[in-house]
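Please treat every number below as a calculation from the coordinates, not as lab data. Keep in mind the model is a prediction, meaning the values are calculated, not measured. Please note: Cβ atoms are built from the backbone with ideal geometry, for glycine as well, and neighbour counts cover all protein chains shown.
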Amino acid sequence: MDVACDLEVDVNGEELFLVDKRILSSFSGKFSKLFNKPTAGSKLKVIFHDLPGGPEAFELMVRFCYNNGRAEITPSNISLLHCIAHFMEMTENISHSHNLIEQTEKSLQLITYWTWSEILVALKQCQDLFFPADPSGIFEKYLDSLLVRISSGSEASPSTSSPNSSSFRFSCDTGTTESTKKSYGRAWWFEHIAVLNFDIIDKIIKTMIARKFDHVLISRFLFYYLKSRVSTGMSNEKRKIVETVVNLLSLLDRSSVSCKGLFGILRVASSLNISKCCKNRLEGMIGSQLDQATLDNLLVPSPLRMNFLYDVNLVLRFLKSFLRSGFWASLTRLKRVGALMDLYISEVAPDICLKPLKFVELAMALPDSARDSYDGIYRATDMYLEVHTGLSEEEKMKICCVLNYEKLSSEACKHLARNSKFPSRTVIQALISQQTNLESLLHDTNHLKPFSYLPFNHSDESTEGKKGNRGDQIILYGKKLDLSMEDENLKAHLQGMQCRVMKLEKVCSKMQTQMAKVMKSRLSSSSNARLPKLCP
């Protein structure tokens with residue numbers, strides 16, 4: 001075949017080729033259309049800006065044409081040949097017996113005999129190609145073969161590779177032991193797949209989900225993939241990887257995704273300009289598992305534009321996501337979040353830049369049922385008032401409204417009664433709430449037979465004088481039921497109830513005395529002033 005280099009081809013501005021236009025036209029429909037009319041004169045030039053596979057693919061095609069429609073097709077070059085064949089329209093309409101598309105498709109029929117490494121080589125080439133269309137579904141064939149190997153747990157050794165296979169190798173190809181497969185919760189294929197870019201990973205994981213692969217295993221791989229890839233590459237690539245991983249994790253069952261891992265992604269994403277949609281999705285996933293978080297997880301530094309020490313707005317968004325997710329319907333989970341928030345609020349309360357309204361918003365973000373005791377909120381409020389000394393009485397009252405006085409322990413109430421940082425109204429309200437609680441508790445304790453209640457404003461002496469009577473009533477009630485005193489268990493139980501009643505009365509009496517002393521000292525300087533309204 002006579003060869004005349006009468007055509008200059010510029011491939012993507014990377015390389016120039018001098019070729020015979022007649023030879024290429026005899027195998028390529030695209031060149032045939034360009035030169036379907038005779039031309040004369042100087043050399044012609046064709047420029048390709050986005051030729052898939054670049055100069056490497058074009059050179060393979062030229063070799064095929066110059067070799068009269070014959071090529072050595074291997075797993076290491078089949079993706080390039082297939083792609084360039086479609087781009088150059090190398091169909092049977094141009095060359096019936098030697099068209100490149102038909103030859104690559106026949107080679108693909110042998111994919112079941114490829115090794116694991118050969119499949120990965122083919123996939124890796126796909127990620128570097130531009131596929132405007134894939135009519136033969138070559139990528140899907142690679143993907144199907146890959147997932148079959150993963151699901152079956154088989155991994156072909158590179159020693160079984162054909163002589164024409166690529167030199168593309170992996171550190172784990174030499175064999176996989178059970179200990180290797182289970183180390184650090186990783187499967188044997190994690191390291192191999194992690195070399196692929198985020199577009200290919202996206203397609204692989206979505207196919208895994210569609211085929212009902214284990215979500216826990218998928219989740220572990222995505223965390224592994226993110227960790228292994230964000231340490232390298234440019235910021236834009238890291239951002240794309242983070243967004244891809246977050247979007248894929250959001251498709252999995254929430255129980256399969258590690259809360260600790262999500263906070264790790266949050267730390268990485270904080271330095272990247274991820275999309276708002278991705279950010280909201282990540283925060284929503286964290287919020288739905290907030291009961292699994294720790295205090296250290298929540299202590300995220302505030303953005304530079306904010307004055308807060310910690311990012312309290314982020315935590316508030318977590319809380320909203322938790323409540324919105326419906327998981328808080330579990331009282332156990334809700335109380336775990338309540339305990340976590342008590343620790344967090346105590347940690348951020350000393351921040352001088354934390355505004356009163358923001359403190360109140362944090363303390364009241366959860367429903368009252370999230371806390372059995374408000375002692376933690378009291379301690380946080382005490383710290384906040386100690387640091388923020390310039391608050392007005394009105395501001396202090398708004399802050400103290402976060403407290404549920406009925407859920408304060410007697411120790412907390414006694415501390416509050418002596419705490420000059422709190423407004424007088426809060427002391428009154430706390431003591432009244434405690435009095436109400438004691439009345440209810442005493443009534444419940446004496447449920448066997450009601451007795452007349454001794455008011456708290458009686459003197460200590462009168463209280464002591466009647467304690468014996470109340471205890472006697474409990475014992476006498478037992479006798480009225482003709483219960484044998486030989487029943488030692490019942491006797492001990494009734495005596496225990498009598499002791500608890502006496503102890504509660506002592507606490508109540510002491511609190512009443514303390515209340516009188518506090519009010520006397522606080523009102524001595526303003527005897528003519530009316531008490532303000534209590535905090536609603």
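Each peptide in 200-206, 380-386 gets a packing score, the mean of other Cβ atoms within 10 Å over its residues, and the list from highest to lowest is 380-386, 200-206.
Modelled label positions at residue 358 and residue 228, each set 7 Å beyond Cα in the direction of Cβ, lie 4.1 nm from each other.
A cut-off under 9 angstrom between Cβ atoms defines the neighbours of residue 356, and their net charge, with Lys, Arg +1 and Asp, Glu -1, is +3. If you take the Cα centroid of region 193-216 and the Cα centroid of region 353-387, the two points sit 44 Å apart.
Legend: distances between Cα atoms for 206/240; 238/358; 276/407; pairs beyond 28 Å are 238/358; 276/407.
With R₀ set to 56 Å, the beta-carbon distance separating residue 267 from residue 410 gives a calculated FRET efficiency near 0.85. All other residues with a Cβ under 15 Å from the Cβ of residue 98 taken together, and with Lys, Arg as +1 and Asp, Glu as -1, what is their net charge? It works out to a net charge of -2.
For region 420-434, the residues whose backbone nitrogen is under 16 Å from a point 7 Å from the Cα of residue 389, taken along Cα to Cβ, are 420-422.
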